[in-house]
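Chemist: One structure, as structure tokens, below. Some questions next.
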Amino acid sequence: MLRTSLVRSRAISKGAIAPVHRPQWLPAPRQPFPAVVGQRYYADVKKPDGIILPGSQSAKADTEDIPSPPITVDPRSNVEKETIQADNIPLTPPKPEDVTTKPLASSAPTPLPPMGTGTATVAPPAGGAPPPPPPAPKKKPRRFRQFLLTMMVLSALGYAGGVYYSLVSDNFHDFFTEYVPFGEDAVGYFEEREFRKRFPGKEIQTKLHEQVRGEHKVTIPSRAGMSWKVADKDEKKGSDLGSKGAHVSAVEPPKPASPDAHASKPEPAKPGAKESTPELRPESKPTPQAAEAPKPAPPAALIDNINIESATEPVVQDVVKIINTLITTINADNAGGKYANAVSSAKDQLQKVINDINTLKSTTSADAEKKIKNAHMEFDEAAKELARRMQNEMDSQEAQWRKEYEEERTKLSDAYKSKLESEIAATKDVYEATLKNQLLEKEIELQRQFAETVRSRVESERGGRLGKLENLTEGVKELEDLTQKWNSVLQANLKTQHLLVAVEAVKAKLETSPIPKPFVEELAALKEVAQDDAVVNAAIASIQPQAYQLGIPTSSQLIDRFRRVAAEVRKAALLPENAGVVSHVASQLLSKVMFKKNGLPVGDDVESVLTRAEILLEEGGLEEAAREVNALQGWAGVLARDWVGEVRRVCEVKQALDVISAEARLQSLLVE
Amino acid sequence: MADSVATPPASVIKPSRPMSEALLNDKWDRCLSSMLIRSAIGGGFGIMFTFILFRRRAWPVVLGTGIGLGRAIEECDNSFKNATAPSKDGLRVLRP
């Protein structure tokens, strides 16, 4: 049944994927025939050719389905078979129940399809048998299961809700953790997770208490803490203060008391043991047993290991311990009667052993004494021998040392002697050498003194002669000076002569030449002769360069030119200032009819000035004539300008020459 | 050669400046020549005018020569008047 339903569902799913729209409009015409509901899917699968128009479908339905309702069953079965074959699923043979219920089963799937429309169509199953609900028999087991399930779900939900709410509110958290079982664990787990999420690096510290986690459970004993008892009396004893007080005086009353004594006994025993045998430790342990001895008195007495003879022997003590243990065991078993003989014999044997030990001790001590005596004797002899040998050795060594000492002394004395001699020789040599040196020094000094005396005498003599010579040289020098002076005088004379000659040359040149000639060479010679005579230089500098470059006219020439100039000046004599053409013409004309003056006329007019100048010129007064002409004004002055300049140049040259000649004369006079 | 070298300075310097006594004569020469030329030019112009414009009348010729002469005299007078004063060539004139 399940399988069929599965198959169907598969088919449905297949069909559902491909044509989605169909269910929307197909069911409408079919709704009146719900028996075919299942069929439509299979029809879809089988015949994919169907574009079914609503009208045609209804017609088909009318023809096929409606008139024969019983047939509907058959086609279903056929359909089912076909579908199975199509899927190629090998089917198990259907059970008789299933076969019988097949029509029912076929109707059963109708509620199954998961589609919403399918369920809707199920409701009115007109053609099909009434569906007997198959879950009905299952309901009984399911109820319990469902109840369980619901309970589990509810509880899980409750837990979840509780945990969540407890995480949210503190109040509920307290309640939840307190009263709900495992609630605390659950909440703790979630809290821890949250904490880890927040702080991934940190160590996890669970909020749960250690007791809850089951760690470090400390059980405090019931007697823990302080008690009301006063325990200051037994402070020295220390260890057992807490326990009951009766044990303190346990030794004095021999109590048959059982286990308490075990702990209490050691205390009194220890002091006793310390008094008698302080050196042995093992004793401390047997003491309790020894103290126990009185306790099982009726069965068999223990051996007192302290009072026993030769108790100091460890062997004896061991034996006693063994026997005591045996006795105690026997006593504990209350088999004293049984082993009484054995115990007594053991005790006797012990006695015997002790005796043996004593005898052994005595013999050994005697032997030892003997041996010691012998050893003493031997040692004495050996010591004597040793002393003797030492004496011998010392003697021999002393002798040897003495010999060596002698040898060494002689050696040393020899060495020192030799050294002394050598040193004496050395000092002698040194002394002689110093003496020789001194002698040499003396000699040298004497020689030097001699040389000095000789030199001084020679020098004194030579000094006399040299003095005469020096006088002579002085005389010679004076003569030389004189000659030099004379030479200078001669030179100065020569110079002045040269100067005079040069001046004369210049003068001759100026006077002799009929036409003006340059006298540059003569002047240069004059300057050369004068060299650095300031006066001469100044005089030469005063001459205009034009004069010596072009030469100066002679006096006759000057007079000639003056006459021409005078004629011209006379023409312009009557001109007023700023005269025009008319006045010029008038002056020219009138000047022809003017009277000429003679002699030395007085007056500033042009005529008189000209006549005076002419007379002066004729007398040889160049300077005066020039001065007269220079005083002319206006056109007369302008016309006479050139002549005046010439005269001035001549005068300058003459003056300079006069100065130079005077200087030359003066120098010739100064020399004398 | 020596003579040629010696002579030039004398010959060179002399004509550079006219002698002072010849100044007035030079002026007279220049005046007369200018008078002549200008009167001649004026007369020439007058003659030209008479022939071209005035039917061979005499007065244009006289007028022309008169103008030329007058102009020449004027120039001459000017030259005579300012000759004596020291020349102001190369000097700057400060005008008020």
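The values are calculated or read from the model by the stated rules, or taken from the named source; none is laboratory data. Only a predicted model underlies this, so the values are computations on that prediction, with no experimental measurement involved. Positions of Cβ are backbone-derived with ideal geometry, glycine not excepted, and every protein chain shown enters the neighbour counts. Heavy atoms of the whole protein, side chains included, go into the accessibility calculation; ligands, DNA and RNA do not. Shrake-Rupley method; radii C 1.70, N 1.55, O 1.52, S 1.80 Å.
Chemist: Sort A:650-659, A:166-175, A:406-415 for me by packing, meaning the mean count of neighbouring Cβ atoms within 10 Å per residue, highest on top. Don't jump to the answer; show the numbers that get you there.
Modeler: On the way: A:650-659: 17.8, A:166-175: 13.8, A:406-415: 10.0.
Order by mean packing, descending: A:650-659, A:166-175, A:406-415.
Chemist: Something else now. Considering all projection directions equally, how large on average is the shadow of the alpha-carbon convex hull of segment A:513-668, in square nanometres?
Modeler: 11.2
Chemist: Testing the spin-label approximation: label points 7 Å from Cα along Cα→Cβ at residue A:537 and residue A:471. State their distance in nm.
Modeler: 4.9
Chemist: On a full-extension model of 0.36 nm per residue, what is the gain between residue A:577 and residue A:426, subtracting their alpha-carbon distance, rounded to one decimal in nm? Write down the numbers at each step before the final one.
Modeler: Values: separation 151, 0.36 × 151 = 54.36 nm, distance 13.66 nm.
Separation in residues times 0.36 nm, less the Cα-Cα distance, equals 40.7 nm.
Chemist: Which of the peptides A:333-344, B:43-54 is most tightly packed, and how do the rest follow, going by the mean number of other Cβ atoms within 10 Å of each residue? Intermediate results must be reported in sequence, preceding the final value.
Modeler: Values: A:333-344: 13.1, B:43-54: 15.2.
Most protected by this proxy first, the peptides run B:43-54, A:333-344.
Chemist: Right, something else. What shape does segment A:472-592 take by its C-alpha gyration tensor, where a ≥ b ≥ c are the square roots of the eigenvalues and a/c under 1.5 counts as rounded, a/b above b/c as prolate, and the rest as oblate?
Modeler: prolate
Chemist: Taking each residue of A:579-589 in turn, how many C-beta atoms of other protein chains fall within 10 Å of its C-beta, and what is the average? Working shown, then result.
Modeler: Numbers: counts 5, 8, 14, 3, 3, 8, 1, 0, 1, 2, 0.
Partner-chain Cβ atoms within 10 Å, mean over residues of A:579-589: 4.
Chemist: Calculate the mean, over all residues of peptide A:509-518, of how many other protein chain Cβ atoms lie within 10 angstrom of the residue's Cβ. Don't skip to the answer; put the middle values down first.
Modeler: Details: counts 0, 0, 0, 0, 0, 0, 1, 1, 2, 3.
The shielding value for this peptide is 1.
Chemist: So, one more: On a C-alpha basis, how far is the centre of segment A:597-620 from the centre of segment B:41-61 in Å? Whole number, if you could?
Modeler: Value for the Cα centre distance between the two parts: 56 Å.
Chemist: Right, something else. My understanding is that a pair violates if its Cα-Cα distance is over 29 Å; which of B:27/B:88; A:468/A:495; A:485/A:509; A:517/A:596; A:509/A:596; A:509/A:571 do that in this structure?
Modeler: Numbers: B:27/B:88 18 Å; A:468/A:495 40 Å; A:485/A:509 36 Å; A:517/A:596 36 Å; A:509/A:596 38 Å; A:509/A:571 37 Å.
Check vs 29 Å cut-off fails for A:468/A:495; A:485/A:509; A:517/A:596; A:509/A:596; A:509/A:571.
Chemist: Here is a follow-up. For a label point 7 angstrom out from the Cα of residue A:662 toward its Cβ, which stretches of segment A:526-549 have the backbone nitrogen within less than 13 Å?
Modeler: A:535-536, A:539
Chemist: Here's a follow-up. What average number of partner chain Cβ atoms lie no more than 10 Å from the Cβ of the residues making up B:18-28? Intermediate results must be reported in sequence, preceding the final value.
Modeler: Numbers: counts 1, 8, 12, 16, 5, 7, 11, 3, 0, 2, 5.
Neighbouring Cβ atoms belonging to other protein chains average 6 per residue here.
Chemist: List nothing, just return the count: lysine pairs in segment A:306-375, 8 or more apart or interchain, with Cα separation under 17 Å.
Modeler: On the way: A:321/A:347; A:321/A:352; A:338/A:347; A:352/A:361; A:361/A:370; A:361/A:371.
For segment A:306-375, qualifying lysine pairs total 6.
Chemist: Taking the full set of protein chains and a 1.4 angstrom probe, give the accessible area of residue A:559 in square angstrom, rounded to the nearest 10.
Modeler: About 40 Å², ignoring ligands and nucleic acids.
Chemist: Now a separate question. Please state the equivalent ellipsoid semi-axes for segment B:38-83: what are the square roots of 5 times the Cα gyration tensor eigenvalues, largest first, in whole Å? Numbers along the way, then the final one.
Modeler: Working: eigenvalues 153, 10, 5 Å².
Gyration-tensor ellipsoid for segment B:38-83: 28, 7, 5 Å.
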